[in-house]
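The values are calculated or read from the model by the stated rules, or taken from the named source; none is laboratory data. This one's a predicted model, so the numbers in the text were calculated from it and none came from an experiment. Here the Cβ positions follow ideal geometry from the backbone for every residue, glycine too, while neighbour counts run over all protein chains shown. Ligands, DNA and RNA are excluded from the accessible area calculation, which covers all protein heavy atoms including side chains. Shrake-Rupley method; radii C 1.70, N 1.55, O 1.52, S 1.80 Å.
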Amino acid sequence: MSSRLRAGLIGCGFYARNHLHAWRDLSDDVELVAVCDRDEQKAGAAAEAFSVPRWYGDAARMMEAEALDFVDIVTTMPSHKSLVLLAASHKVPVIVQKPFAPTWQDCLDMVDVCRNAGVPLMVHENFRFQSPLLEVRRVLEAGTIGDVTWGRINWRTGYDIYAGQPYLATEERFILLDIGVHVLDLARVLLGEVERVFCETQSVKPSIAGEDMATIMLKHHNGAVSVVDCSYATKRDPDPFPEVLLEIEGRRGSLLLSPGLELRVTSEGATTVRSLRTPLLPWTSEPWHVSQESVLNTQRHWVECLKAAREPETSGRDNLKTYALVEAAYESATSHQAARPNS
Ligand SMILES: NC(=O)c1ccc[n+]([C@@H]2O[C@H](COP(=O)([O-])OP(=O)(O)OC[C@H]3O[C@@H](n4cnc5c(N)ncnc54)[C@H](O)[C@@H]3O)[C@@H](O)[C@H]2O)c1
């Protein structure tokens, strides 16, 4: 593999702009040689705005014509499986946006096909790469608060996400797949793998198809218990969108990430307080900058892993464990009983 990786991007919609900026920031290592969207106007506009040499209206044609070191799929989930399988058939490593797919079986199929083809596969699960959350992970890994015993992770907003992503209003499985995947992934990373899940969902906003609130209780294998909740129907002032807020308790102390991303860590009776505000990059803007910066961190991780032939943290295989929590949460919300995630 040459030192500069040749990349293609599929899906030039709302969120792809962040991917395109991040690839440009990573241009010492990555050369974006082609973009594709079945809406040719969007493909052409993205190529022009980001000085990408070629654009396509058909992903199969792009894969035939280009010699790529990897492909970045930024379409919505119904197309993920066919596009991942297309990349695998060309033996091209692939990074694909979350949610991985509409069904558990689709997720399994993508992981199996890529494993059998020897093709690296990563899900663009970016919340765990947000700078403030990377710092929380460092504090936990350093043992500052000791073994974790309890946690609460929440993401509650009334921000009009339907303006930029109108398709969300028609998703029958909505917030657990859209945001639940992120916060459940964080619960795994920060508190450990999960044994049991109990969940209740609510549909608060009229005129949307799916649930827009979910409250989930998790029992972790290490004995810790956590409450993970997400909402798109919270009227709050100030609205913390799109910050993840959390508190975690351990045997030696606790940590609290509060609105404005202030981190308060208590360890053996001593407390430190720091601001973890995400700095603005030339192409990021408030309030999305928290999310936008994590796109760059996520893509940097993918490139580092690809170059080192290392499995990414959020490989397809890893993301099955997060997706299994979403499935268990839906099962529990239907049965009103605790559910065990698939393993
Ligand atoms: N991680 C985050 O914070 C975050 C935030 C927003 C969106 N997302 C994810 O990003 C993905 C894209 O979301 P979006 O809001 O940009 O969607 P979008 O609908 O605005 O854009 C998707 C684009 O993909 C194109 N497309 C679809 N199928 C295609 C195919 N087979 N071949 C070529 N082009 C195709 C569409 O024409 C469209 O332009 C979703 O999975 C969403 O969940 C993630």
Original post:
Has the range 135-149 got any residue that is under 26 Å from R252 (Cβ atoms), open to solvent by less than 40 Å² (accessible area, probe 1.4 Å), in the same structural domain as E327 (by TED's automatic domain parsing) and within 16 Å of the ligand (Cβ to nearest atom)?
Top reply: no
Original post:
Which one is nearest to the ligand (Cβ to nearest atom), of the residues in the range 300-311 that are touching a residue at least 24 places away in the same chain (Cβ under 8 Å) and either touching an Asp or Glu at 6+ places or on another chain (Cβ under 8 Å) or among the acidic types (D, E) (or both)?
Top reply: H301
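Take Y167 and decide whether it is in a helix (DSSP H, G or I) and within 16 Å of the ligand (Cβ to nearest atom). Full working, then the answer.
Numbers: in a helix (DSSP H, G or I): yes; within 16 Å of the ligand (Cβ to nearest atom): yes.
Judged against the criteria, Y167 is a match.
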**OP:** Go through (1) of a type outside the set (S, T, Y); (2) surrounded by 17 or more Cβ atoms within 10 Å (Cβ to Cβ); (3) closer than 25 Å to A163 by Cβ one by one and return the number of the condition W23 breaks.
**Re:** (3)
Original post:
Of these, G158, G151, G143, which one is outside any strand (DSSP E or B) and on the phi < 0 side of the Ramachandran plot?
Top reply: G158
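I'd like to check something: does the range 236-256 contain any residue that is part of a helix (DSSP H, G or I), in the same structural domain as V326 (by TED's automatic domain parsing), at pLDDT 95 or above and surrounded by 15 or more Cβ atoms within 10 Å (Cβ to Cβ)? Walk me through it before giving the result.
Taking the range 236-256 first, the residues part of a helix (DSSP H, G or I) are none.
Looking for residues that are part of a helix (DSSP H, G or I), in the same structural domain as V326 (by TED's automatic domain parsing), at pLDDT 95 or above and surrounded by 15 or more Cβ atoms within 10 Å (Cβ to Cβ), one finds none in the range 236-256, hence no.
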Original post:
Right, K91: crowded, with 19+ Cβ neighbours inside 10 Å, more than 20 Å from L261 (Cα to Cα) and of a type in the set (D, E, K, R) or not?
Top reply: no
